[in-house]
Every structure is written in C-alpha cells, then in structure tokens.
C-alpha cells in the first residue's frame, strides 16, 4: 500500500500500525525524489520492502523511481506501465525512455536520469494546457 500516500508521515502511520507489508510510494504524489527516498528509508527501518508506483506513466517518472530503487537496500521491484504508448504525456514527451530487456531495466548514469525531453512536444502540451485553462 502507499501509492496514494503523499508524505512520510502517512506512511509512518501505516507502518506503526502494521497495515502493510510492502510500501508503494509514488514519486509524483509523495512530494518528489527526496520525500520518496525518506519513505523508502522509513520502510527499511521497519524491515519492509518498497516498490515505486508509476501512476502517470511517463518515462521520467519511471526513471526517477528506478534510480531511487537502485539507491536503497530494500527495493523490491518497479512496475513498468504499458500505457506509455497510449498516454499523451508518455513516450511522446521523451526522446528516450527506460526499456526493459530480459525482465530488467539498466539504470543509467546519464544526466536527467537518462531521459531527454522532446522540447517541441513540451511546448505543444504547454500551449494546449494554456488554451484549456483560459477557456
């Protein structure tokens, strides 16, 4: 559990009352990379594993979770959303993305978690967002 938790305090409450065996914090919902790392460390303190939840299905979201997993001793597994191809902000937003090979994804040491944004796509989505918020 934990994919909808938004900070380490709610995760702590679940751990104190033994409500879960594995925590699933979501980097985007949990307050970013630092807060998700704190949640993973907290789970480790309680002897539990964690797995990053990848709710909005962007390669950058996935890469952030994978890098956090590589940095923690209690990482279990990372989901790989098959919705990348269907999401308007999925693979189209990035020029490269983590791809599983033989059931695993190699964590890169390239800048930006190894994911590059397609600047033209970012501009187009930003323009669409601005149109929607003004109408």
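Per this entry, residue 54 is not counted among residues that are loosely packed, with under 14 Cβ neighbours inside 10 Å, under 24 Å from residue 22 (Cα atoms) and under 13 Å from the mean Cα position of the chain (by Cα). Checked against the criterion of being surrounded by 15 or more Cβ atoms within 10 Å (Cβ to Cβ), touching a strand residue (DSSP E or B) at 6+ places or on another chain (Cβ under 8 Å), in a loop (DSSP other than H, G, I, E, B) and at pLDDT below 90, the stretch 76-84 has at least one qualifying residue. Just to be sure, is residue 26 surrounded by fewer than 19 Cβ atoms within 10 Å (Cβ to Cβ) and either more than 17 Å from residue 106 (Cβ to Cβ) or over 12 Å from the mean Cα position of the chain (by Cα) (or both)? No. In the stretch 34-47, the qualifying residues are those that are over 15 Å from residue 78 (Cα atoms) and under 20 Å from the mean Cα position of the chain (by Cα), and the one that is surrounded by the fewest Cβ atoms within 10 Å (Cβ to Cβ) is 34.
Would you point out which residue out of 98, 73 is in a loop (DSSP other than H, G, I, E, B), touching a helix residue (DSSP H, G or I) at 6+ places or on another chain (Cβ under 7 Å) and either under 28 Å from residue 124 (Cβ atoms) or free of Cβ contacts under 8 Å to residues at least 12 places away in the same chain (or both)?
98
Within the stretch 55-69, does at least one residue satisfy the condition of being modelled with pLDDT of 85 or more and either on the phi > 0 side of the Ramachandran plot or in a loop (DSSP other than H, G, I, E, B) (or both)? Looking through the stretch 55-69, none of the residues is modelled with pLDDT of 85 or more and either on the phi > 0 side of the Ramachandran plot or in a loop (DSSP other than H, G, I, E, B) (or both). One residue stands out in the stretch 109-130 among those that are in contact (Cβ under 8 Å) with a residue 24 or more places away in the chain and touching a strand residue (DSSP E or B) at 6+ places or on another chain (Cβ under 7 Å): the one that is surrounded by the most Cβ atoms within 10 Å (Cβ to Cβ), namely 115.
The values are calculated or read from the model by the stated rules, or taken from the named source; none is laboratory data. All figures in this text were calculated on a predicted structure; none of them were measured in a lab. A quick note on method: Cβ atoms are made from the backbone with ideal geometry, for glycine too, and the neighbour counts reach across all protein chains shown.
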